[in-house]
Amino acid sequence: MIVHIVSKNFDIKDSHKLKVALKHDRYNSLEKLFSMKPFEVTREVVASGLRGKGGGGAATGNKWELIPKEHEKPTYLVINADESEPGTFKDRQIMEYDPHLLIEGIINSSYAIGAHHSYIYIRGEYVFWAKRLNEAIDEAYKAGYLGEKVAGFDYKLDITVHRGGGAYICGEKSALLESLEGKRGHPRLKPQQKEPEWFFGGPTVVNNVETIASVPYIINNGFEAYRSHGTYCSPGTMLFGLSGHINNPGIYELPFGVSMKDVIEKIGGGIKNGKKLKAIIPGGSSCAILKADEIKNITLDYESLQQNGSSLGTGGMILLDEDTSIPDAMKNLFEFYHHESCGQCTPCREGCGWVDKILAKLLSGKGSKKDFATILDACDMLNGKTICVFAPSVAFIAHSYITKFKNEFYSLCKTD
Amino acid sequence: MSEFKFSKQNEEKFEKLLTRYPKRASLSLPSLWMVQYQEGWISEDAMIYLADKLGTSAMDILSIASFYTMFNLKPIGTYHIQVCKTLSCKLCGSEKIRSHLTNRLGIKFGETTKDMKFTLSEVECLGACGEAPAMSFNDDYVGNLSIEKIDKMLDEL
Ligand SMILES: Cc1cc2nc3c(=O)[nH]c(=O)nc-3n(C[C@H](O)[C@H](O)[C@H](O)COP(=O)(O)O)c2cc1C
Ligand code: SF4
Ligand code: FES
């Protein structure tokens, strides 16, 4: 099942050092890259069907095409390395074991969109990884892969690592850019029509670390090679994560379309302590929960998870065994969402805290069945009335927990 | 006038960073980090200093610094222990780790020991769910925590 496109060099000793990286294909794509016109690079990425790995799954090439051909302000590529979605720990592996792959991807992608400066926005807690990136970037500058003439070609590129200060919402692309502009990380209102993001008025693409790290393979081997993995709607591979009650937690690169059950059993080694699986949160905490009996026919791709009422998200699966209390798990996540709401929109700021409080009441045995109607009302309030999708996705997941495990919630209530 | 001043090293770093961004305002987070590494926390004085350097008001700096959880607006202990409280860690036994730490250090989460040696915080998912339960110890991550591992670590300090 396991394939190695992005993770090819992960197990090679010292693969984060330029000397070793160069022996293992890093910067190989540049010759071909600079023989192509920027629009041809974008066209290749469009044809590959590469989808964003930051959680949304948006088509990468199409996003690049939104950059206006002519613009008086410079164009930027911003790499989202905020990785804060509970259950997600994949971008970190790329930055730790193969930072030069990310740099190579940034060169490829910047050239395609015409950017000459790229920022890597990394979550504040990733001190070790920020240091590792900076060391790799320094090496790349010294060896001439960055700077005035990238690899001797007539193309200038700078990369700057920017550390966040601890705020989940800064993973949302417009909040990230606000933060990069030096402000509080508040998501921006979205325009009606499709347009790029903006950094100090310059047209900007924000892409996840893993997305950009997938680009050199596509340029080197062509879109068909990438499409030979995965499914029609979900081409290629993803770094899937397993955590929670699983025997072999970790990150595994898999083609899209493999059976979720097989991954849990064959790669994950099954549920810890020989217990039975009760539920799974498929791709980071912002995806609707699935009951064990729902996953039989699920495959790991965007279409299958969507058809089954959840989403693929970041591919970070959290497994819950038969002894787990679902209300307790839900309360844990609502403490998270309550804490992480940026507070701009009243429904979100108040609603997340409200649900958290009701869950506390239920868990203390003082709740009643009426409280469920209140949670559903709160979900309604969260849905569709806010600046960013944080609140609607919180509503969506709340709904999945209380409807799928209704009896477990009811059993906490002594009164109607 | 503020009493705080960047060290020579930070002053140089600041000047260098100015060349990396289209506008000075972008330097707010990098500058706050420099202050925090220099002093351990971000004082009012430092905010006044940064406001001047970044061309904004001290109030603005406070509003930014207080939005992000990692900036300490009061002094903290030499060792900052931040334990993850989110789901994967919880499923893997973080609650036992948390109560052991509060017992051993004799403080609650959010508090600092009287000798200013330890500060204990609980934080949301660190992105170390594969090594749950996890915590950060100053700038480093420690995963696959057990009571024995923590005791050994603290005994060796
Ligand atoms: C609340 C929220 C948090 C997010 N956190 C992250 C994150 O930590 N990392 C990330 O890459 N994308 C995150 N995203 C998605 C980004 O907004 C954006 O879509 C993504 O970085 C685009 O890159 P991609 O198309 O390559 O995935 C988040 C979105 C939302 C709404
Ligand atoms: S929905 Fe929540 S997180 Fe998003 S902008 Fe509004 S308050 Fe902030
Ligand atoms: S849940 Fe603890 S590190 Fe992710």
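The values are calculated or read from the model by the stated rules, or taken from the named source; none is laboratory data. The structure presented is a predicted model; accordingly, all values stated were derived computationally and were not measured. With ideal geometry, Cβ positions are generated from the backbone for all residues, glycine too; neighbour counts draw on all protein chains shown. Surface areas here come from the heavy atoms of the whole protein model, side chains and all, with no ligands, DNA or RNA. Shrake-Rupley method; radii C 1.70, N 1.55, O 1.52, S 1.80 Å.
If I ask for residues that are of a type outside the set (S, T, N, Q) and either closer than 16 Å to A:THR88 by Cα or touching a strand residue (DSSP E or B) at 6+ places or on another chain (Cβ under 6 Å) (or both), which ones from segment A:282-294 would you list?
As a first pass, look at segment A:282-294 and keep what is of a type outside the set (S, T, N, Q): A:282-284, A:287-294.
If the condition is that a residue be of a type outside the set (S, T, N, Q) and either closer than 16 Å to A:THR88 by Cα or touching a strand residue (DSSP E or B) at 6+ places or on another chain (Cβ under 6 Å) (or both), then A:PRO282, A:GLY283, A:GLY284, A:CYS287, A:ALA288, A:ILE289, A:LEU290, A:LYS291, A:ALA292 are the ones that fit.
Take the conditions (1) outside any helix (DSSP H, G or I); (2) within 14 Å of another protein chain (Cβ to nearest Cβ); (3) within 16 Å of ligand 2 (Cβ to nearest atom); A:GLU178 misses just one of them, which is (1). Regarding segment A:359-377, can at least one residue be identified that is within 16 Å of ligand 2 (Cβ to nearest atom) and either open to solvent by 20 Å² or more (accessible area, probe 1.4 Å) or part of a helix (DSSP H, G or I) (or both)? For segment A:359-377, residues within 16 Å of ligand 2 (Cβ to nearest atom) and either open to solvent by 20 Å² or more (accessible area, probe 1.4 Å) or part of a helix (DSSP H, G or I) (or both): absent.
Considered as a group, the residues in segment A:64-83 that are open to solvent by less than 20 Å² (accessible area, probe 1.4 Å) and within 30 Å of A:LYS13 (Cβ to Cβ) include one that is nearest to the other protein chains (Cβ to nearest Cβ), and that residue is A:GLU83. When A:SER286 is tested against (1) more than 16 Å from ligand 3 (Cβ to nearest atom); (2) open to solvent by 10 Å² or more (accessible area, probe 1.4 Å); (3) touching a Ser or Thr at 6+ places or on another chain (Cβ under 6 Å), exactly one condition is not met: (1).
For residues that are open to solvent by 60 Å² or more (accessible area, probe 1.4 Å) and either within 16 Å of ligand 1 (Cβ to nearest atom) or under 19 Å from A:LEU242 (Cα atoms) (or both), tally how many sit in segment B:106-130. Selection size over segment B:106-130: 0. Could you look through segment A:331-347, keep only residues that are within 15 Å of ligand 3 (Cβ to nearest atom) and more than 8 Å from every other protein chain (Cβ to nearest Cβ), and pick out the one that is surrounded by the fewest Cβ atoms within 10 Å (Cβ to Cβ)? Among residues in segment A:331-347 that are within 15 Å of ligand 3 (Cβ to nearest atom) and more than 8 Å from every other protein chain (Cβ to nearest Cβ), the one surrounded by the fewest Cβ atoms within 10 Å (Cβ to Cβ) is A:LYS331.
Just one of the listed residues (A:LYS183, A:LYS194) is modelled with pLDDT of 95 or more and basic (Lys, Arg), namely A:LYS183. Residue by residue through segment B:65-81, note down the ones that are more than 8 Å from chain A (Cβ to nearest Cβ) and open to solvent by 30 Å² or more (accessible area, probe 1.4 Å). Those that are more than 8 Å from chain A (Cβ to nearest Cβ) and open to solvent by 30 Å² or more (accessible area, probe 1.4 Å): B:SER66, B:LEU73, B:LYS74, B:PRO75, B:ILE76, B:THR78, B:TYR79. Under the condition of being open to solvent by 10 Å² or more (accessible area, probe 1.4 Å) and more than 16 Å from ligand 3 (Cβ to nearest atom), which residue from segment A:84-124 is farthest from B:THR19 (Cα to Cα)? Filtering segment A:84-124 for residues that are open to solvent by 10 Å² or more (accessible area, probe 1.4 Å) and more than 16 Å from ligand 3 (Cβ to nearest atom), the one farthest from B:THR19 (Cα to Cα) comes out as A:TYR97.
Screening the candidates A:ALA58, A:ALA21 for the property of being under 26 Å from the mean Cα position of the chain (by Cα) and free of Cβ contacts under 8 Å to residues at least 40 places away in the same chain yields one hit, A:ALA58.
Can you confirm whether B:SER28 is modelled with pLDDT of 95 or more and either under 12 Å from the mean Cα position of the chain (by Cα) or surrounded by fewer than 19 Cβ atoms within 10 Å (Cβ to Cβ) (or both)? Step through it out loud before you land on a result.
Values: modelled with pLDDT of 95 or more: yes; either under 12 Å from the mean Cα position of the chain (by Cα) or surrounded by fewer than 19 Cβ atoms within 10 Å (Cβ to Cβ) (or both): no.
In short, no.
Evaluate segment B:131-138: report whether one residue or more is in contact with a Gly (Cβ under 7 Å, 6 or more places away or on another chain), without any contact (Cβ under 8 Å) to a residue 24 or more places away in the chain, assigned by TED's automatic domain parsing to the domain that holds B:CYS84 and more than 16 Å from ligand 1 (Cβ to nearest atom). The answer is yes; a qualifying residue exists.
Among the conditions (1) part of a helix (DSSP H, G or I); (2) within 13 Å of A:GLY182 (Cα to Cα), the only one that B:VAL35 does not satisfy is (2).
All conditions but one from (1) within 11 Å of chain B (Cβ to nearest Cβ); (2) open to solvent by less than 20 Å² (accessible area, probe 1.4 Å) apply to A:LEU254; the one that does not is (1).
With respect to (1) within 14 Å of another protein chain (Cβ to nearest Cβ); (2) touching a strand residue (DSSP E or B) at 6+ places or on another chain (Cβ under 7 Å); (3) within 16 Å of ligand 2 (Cβ to nearest atom), the lone exception for A:GLY244 is condition (3). Counting only residues that are away from chain B (no Cβ under 11 Å), crowded, with 24+ Cβ neighbours inside 10 Å and not small (Gly, Ala, Ser), segment A:308-325 holds 1 of them. Is there a residue in segment A:94-109 that is within 14 Å of chain B (Cβ to nearest Cβ), within 15 Å of ligand 1 (Cβ to nearest atom) and under 29 Å from A:ILE289 (Cα atoms)? Yes, segment A:94-109 has at least one match.
Applying the criterion of being open to solvent by less than 50 Å² (accessible area, probe 1.4 Å) and not in a helix (DSSP H, G or I) to the residues of segment A:388-416, the residue that is farthest from ligand 3 (Cβ to nearest atom) is A:CYS413. Could you list, ordered by first residue, the pairs with Cβ atoms under 7 Å in which the first is in segment A:205-216 and part of a helix (DSSP H, G or I) and among the small types (Gly, Ala, Ser) and the second is more than 9 Å from ligand 1 (Cβ to nearest atom) and at pLDDT 95 or above, at least 6 apart or interchain? From residues that are part of a helix (DSSP H, G or I) and among the small types (Gly, Ala, Ser), the pairs are A:ALA213/A:VAL6; A:ALA213/A:ILE94; A:ALA213/A:LEU101; A:ALA213/A:LEU102; A:ALA213/A:GLY105. Report whether or not B:GLY93 is within 30 Å of A:GLY244 (Cβ to Cβ) and open to solvent by less than 40 Å² (accessible area, probe 1.4 Å). Yes.
Entry remark, segment A:181-192: residues being out of contact with any Asp or Glu (no Cβ under 8 Å at 6 or more places or on another chain) and at the interface with chain B (Cβ under 7 Å from one of its Cβ atoms) number 3 in total.
Residues that are out of contact with any His (no Cβ under 7 Å at 6 or more places or on another chain) and touching a residue at least 40 places away in the same chain (Cβ under 8 Å) were ranked within segment B:147-157; the one that is most open to solvent (accessible area, probe 1.4 Å) is B:LEU157.
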